[in-house]
1. Which of (1) open to solvent by 70 Å² or more (accessible area, probe 1.4 Å); (2) under 21 Å from H5 (Cβ atoms); (3) in a helix (DSSP H, G or I) does P81 not meet, given it meets every other one?
2. Which residues, taken from region 95-104, are part of a helix (DSSP H, G or I) and buried (at least 20 other Cβ atoms within 10 Å of the Cβ)?
3. Pick from R27, R56, R61: which is of a type in the set (D, E, K, R), closer than 26 Å to P228 by Cβ and open to solvent by 50 Å² or more (accessible area, probe 1.4 Å)?
4. Residue by residue through region 266-284, note down the ones that are under 17 Å from G233 (Cα atoms) and of a type outside the set (A, V, I, L, M, F, W, C).
5. Please go through (1) in contact with a Ser or Thr (Cβ under 9 Å, 6 or more places away or on another chain); (2) of a type outside the set (F, W, Y); (3) part of a helix (DSSP H, G or I); (4) open to solvent by 60 Å² or more (accessible area, probe 1.4 Å) for L113 and return the number of the only condition it doesn't satisfy.
6. Return the only residue of L161, L140 being in contact with a Phe, Trp or Tyr (Cβ under 8 Å, 6 or more places away or on another chain), assigned to a loop (DSSP other than H, G, I, E, B), open to solvent by less than 40 Å² (accessible area, probe 1.4 Å) and in contact (Cβ under 8 Å) with a residue 12 or more places away in the chain.
7. Taking L129 and the conditions (1) part of a loop (DSSP other than H, G, I, E, B); (2) of a type outside the set (V, I, T); (3) surrounded by fewer than 18 Cβ atoms within 10 Å (Cβ to Cβ), which numbered condition does it fall short on, given that it satisfies the others?
Amino acid sequence: MAIYHFTWDLGFFGYIEPETATTGGWRIFARLIAGSFLFLVGFSLALGHQNGFKARPFFMRLAKIGGTAAIITVATWFAFPDTFIFFGILHAIATASVVGLLFLRLPIAVTLLAAIAAVAAPFYLRAPLFDHPALWWVGLSVDIPRSNDYVPLLPWLAPVLLGISLGKFFVASALPERWAGLGGRQKVWWKSLLETAGRHSLAIYLIHQPLLIALVYSFSLLVPAPAPDPVAGYTKSCMRACEPERGVGFCESFCGCTLSGLQDQNLFADLNRGAIDVTTDERISTISSQCTAKAETTTDLKE
């Protein structure tokens, strides 16, 4: 988790490509981290309530996690208003913990089937109804909302249910009895350190990222990141916006054409500075229309 967030921080401050932490292998890494958190939520539920529901510790834990999630939402609203965290990993843990209670006394087979359904739901049940902000947390929106940490209930309930299933299997096996005597052995320092970290995992979660941001920010004051190339940045942004709708050939032609048009009319610097509203400026729409026609012609000739 700390490694991933440190990578995100390096991108945010300009030391690496900004999208590094959200693409490729890093994107998979982030999902594995979130999945492991949620799996442990389910496994812990099965262990903690194996002899009956313990209301007081459950609701104390739920209040602590839910309250912390609310604080993160408020803090990121001010820090990153366009991508604030409205339903991140802590929100998912709190919600999935409540839903998970329903499966503690159900057969393992039923819980595993529900986990499969949770994974399949976003592929088959997405609908415009869930595009309303009040329903973003469900995970069935057609348009995926922007957020620095978005972990909706579906499909992320699945690792919780898997954790519950394996936790119940573990409790019913001979493993707890076999492992019971391991705690009596002499502990080495690194095991004690890990146990302490495990008991204070929420505090570590809350503290590590502000600390990392402070460290990278302090470093940036001494060794500033190199200034980004505006031309490369524009081309990459244009291609990223274009490729989901059109082919690579069209997008390369279109983005190169619009870049040339903006530079020829001395609009590129103003566009980068945010002094031009691309949605209302007729000069931008004219360049876009001309380049669209040119790119379509070029693509047709190549084909």
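The values are calculated or read from the model by the stated rules, or taken from the named source; none is laboratory data. Fair warning: this is a prediction, and the values are worked out from it, not measured in the lab. Cβ sites come from the backbone with ideal geometry, for glycine too, and all protein chains shown count toward neighbours. Calculation scope for accessible area: heavy atoms of the full protein, side chains included, ligands and nucleic acids excluded. Shrake-Rupley method; radii C 1.70, N 1.55, O 1.52, S 1.80 Å.
1. Condition not satisfied by P81: (3).
2. Here is the first cut: in region 95-104, the ones part of a helix (DSSP H, G or I) are 95-101.
Those that are part of a helix (DSSP H, G or I) and buried (at least 20 other Cβ atoms within 10 Å of the Cβ): T95, A96, S97, G100.
3. Values: R56 fails: closer than 26 Å to P228 by Cβ; R61 fails: closer than 26 Å to P228 by Cβ.
None of the others qualify; the one that does is R27.
4. If the condition is that a residue be under 17 Å from G233 (Cα atoms) and of a type outside the set (A, V, I, L, M, F, W, C), then D270, N272, R273, G274 are the ones that fit.
5. Of the numbered conditions (1) in contact with a Ser or Thr (Cβ under 9 Å, 6 or more places away or on another chain); (2) of a type outside the set (F, W, Y); (3) part of a helix (DSSP H, G or I); (4) open to solvent by 60 Å² or more (accessible area, probe 1.4 Å), the odd one out for L113 is (1).
6. Numbers: L161 fails: assigned to a loop (DSSP other than H, G, I, E, B).
Residue meeting the stated conditions: L140.
7. Every condition holds for L129 apart from (1).
Residue by residue, here is whether (1) hydroxyl-bearing (S, T, Y); (2) open to solvent by less than 60 Å² (accessible area, probe 1.4 Å); (3) part of a helix (DSSP H, G or I) holds:
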site: R146; (1), (2), (3): no, no, no
site: K191; (1), (2), (3): no, no, yes
site: V216; (1), (2), (3): no, yes, yes
site: E245; (1), (2), (3): no, no, no
